[in-house]
Structure formats: C-alpha cells, structure tokens
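First up is the structure itself, then whatever we jot down about it.
Read the figures in this text as sums done on the coordinates, not as results from a lab. Please read all numbers here as calculations on a predicted model, not as lab measurements. All Cβ positions, even for glycine, are placed from backbone atoms using ideal geometry, and neighbour counts span all protein chains on display.
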Amino acid sequence: MATAPWRSFSEIMANRKLDPQEAYDFSALSVLLVDDSDHMLHLVQRLLFAMRIKNVRLAADAAAAFTLMKAAVPDIIILDWNMIPLDGIDFIRLVRRGSDSPCPEVAILMLTAHTEAHRVVAARDAGVSWLLAKPVSFKSLYGALTRVVDDDRPFVNSGLYVGPERRGKMRTTLASERPGSESGKGR
C-alpha cells in the first residue's frame with residue numbers, strides 16, 4: 001500500500017529534502033498574517049487555507065500583530081511592507097531586536113510590490129527570511145513557504161544584525177528586470 005504524499009511539519013523539518021513528486025503538508029503550521037489591507041489579508045488567508053493551513057491569525061497592523069505574537073508564537077509571520085503606522089521593515093526590527101519580542105528567530109516572509117534592489121537589501125538587512133513579490137498567487141506563495149521551511153541558514157545575532165545569515169541565496173525579480181518596467185529594457 002502506498003503512503004500518502006503529505007507529510008507533517010515536523011517530518012518536513014526533520015527530513016528537509018523531499019522527492020519532487022511529494023507535496024509539503026503545511027497543515028501543522030501556525031501563521032501570523034499582517035497587512036493593513038483587508039482585501040490582501042483575506043486573499044492570502046484563502047491561499048493558506050487552500051494549502052491546508054488552518055491556524056492563521058490575522059492582524060491589521062503591527063501593534064495588533066505583536067500582541068497576537070505574544071499570546072501564541074507563530075511558526076511563520078507573513079507581512080506586507082507598506083503598512084501604517086508601523087511599516088513591515090520596522091515591524092521586522094521590532095520582532096528581531098525588541099527586548100520583549102517572544103520569538104526573535106521566527107521565520108518572516110515579506111510580501112511587497114516594491115522590489116527595487118535597494119528595497120530588497122533593506123529587507124534582507126532588517127532580518128527578513130524571504131521576500132515575495134506581488135502579485136501573490138497560490139504557486140508563488142507555496143514556493144516561498146517551501147523555501148522558508150527548507151531554509152537551513154544559521155540564525156545570526158551579532159548586535160548589528162539579527163536574522164538569518166545574509167550570505168544565503170535570496171532572489172526575487174527586481175523591478176528593473178521585469179519586462180515593461182520603467183527602468184528595465186524589456187519594452
């Protein structure tokens with residue numbers, strides 16, 4: 001009898017390398033989703049539900065997210081860059097460096113429509129685990145979650161930097177590389 005292709009989160013973390021034909025079972029993940037856009041919160045939540053992730057807590061701003069994070073530490077935080085009053089970069093710094101942060105080493109996936117090189121570097125330097133360019137689809141979010149789960153970079157706390165080791169391969173399509181972008185040559 002063949003075994004089911006789905007695996008628990010603990011099995012994924014223990015075995016890290018899966019056969020390409022097998023799917024990840026994200027059902028055991030706890031996700032804190034932070035975005036000041038109600039539309040994006042619910043769109044990403046529906047994508048996570050489609051991936052069998054049922055433990056998704058929603059926060060419309062960084063303050064609410066920090067409160068939820070203190071109540072129950074998530075496995076992954078997914079957040080938007082542009083939020084008011086505290087943006088995603090400042091929230092990451094609060095999570096990574098805050099003296100009262102309950103989980104400075106939590107995986108953080110940032111969603112953004114702004115993928116210029118200087119912004120990617122700013123996110124990396126703030127301590128983001130992975131950056132995902134909008135628009136978000138099931139495939140792109142699933143791919144980003146597998147990268148976060150498979151990420152074996154050591155966590156660094158040097159005083160000047162707190163987050164995953166920055167020399168790892170972090171790649172996103174830069175705005176200048178997109179066809180038809182103002183600064184790109186794809187026209």
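The table for this structure:
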| item | result |
| --- | --- |
| Projected label distance in nm at R166 and N82, using a 7 Å step from Cα toward the beta-carbon | 2.5 nm |
| Residues in the range 41-64 reached by a label modelled at N157 [backbone nitrogen below 12 Å; 7 Å Cα→Cβ] | none |
| Within the range 27-177, percent of DSSP bridges classed antiparallel, to nearest 5 | 15 percent |
| Charge sum, other residues only, whose C-beta stays under 10 Å from R166's C-beta, Lys/Arg counted +1 and Asp/Glu -1 | +1 |
| Chain lengthening between A117 and K70 when straightened (0.36 nm per residue, less Cα-Cα) | 13.7 nm |
| Anisotropy class of the range 56-162 from Cα gyration tensor, a/c 1.5 cut | rounded |
